[in-house]
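Taken together, the values in this text are just the output of simple stated rules run on the coordinates, not laboratory data. All values reported here derive from a predicted model rather than from experimental measurement. Using ideal geometry, Cβ is built from the backbone for each residue, glycine included, and neighbour counts are taken over all protein chains shown.
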Amino acid sequence: MTLTQVWGALAVLLVCPLLGGLPLIDGIGRLTLGRRLSQLGTGNVSVSAAFYHGGKGVGFLAILSEAFKGIAAVLLARAFFEEAVWELIALIALVMGRYWLAKGAGTTNVVWGIVVHDPIAAGLIFLIGGISFTIFRDRRLGRYLVLGLLVLVLSLRHPNEPELIAAAIALAGLLVWIYAKIPDDLQLPTAHGKSDTQPMFRFFGAIAPCKPWPNPSTPAGWEPKPPTSLS
């Protein structure tokens, strides 16, 4: 490893967590709403919380701010390293900072980071994930399916780079762990959200895990499934 790469590693491992922890969404909320998003609803400082409490304008500003972080992290790694694995390491560091410092999952950061990291892989993930989502119509399953596709597609595109595959698995696993730790803003009452985003939350709020058989006369052999909590 050259001296430049040593500095690059320090930049990725130190700058990216701080970049992820920048409270841009909370700042946008304070400027536009006069209140901190961390004090509203679930307490998440996320893109979906920005849409819910602030409406489309605030939500789109939140997307831009988090997209900037993901893109910047990948480009920072690319400036120092030719190996693509460092771009995923940068995203891992970014997500860690996003969760521990800014109380968010970092989904938007990863989405836009992967778009810059490998546009073809991103396109395949979005296409297959979107088709699967329309079939299963389950928020939690769809979320995990996309993370599985992230690992699978990157593995197929880089079969001779085990370190990149390991980084993709680590990134997906980190997001799964974070999703289990934070509440889901899409479960907030639709009627309490901004009117211009209520249709979006009504749509996603209707997409939930399978519910028990609605007919009182349950068919023979059918095992009613209890409602599953989305955390």
**Asked** What list of ³J(HN,Hα) couplings, whole Hz, do you get for the stretch 141-151 from phi and the Karplus terms 6.51, -1.76, 1.60, once you set θ to phi - 60° and write x for glycine and proline?
**Response** 4, x, 4, 6, 5, 5, 5, x, 5, 4, 5
**Item:** Gyration tensor (alpha-carbon) shape descriptor, the stretch 1-95, a/c threshold 1.5
**Value:** prolate
**Request:** Treat each spin label as a single point 7 Å out from the Cα along the C-beta direction, and report the E163 to V6 distance in nm.
**Result:** 1.7 nm
**Request:** Determine the distance separating the Cα centre of the stretch 80-159 from the Cα centre of the stretch 6-65; give it in Å without decimals.
**Result:** 19 Å
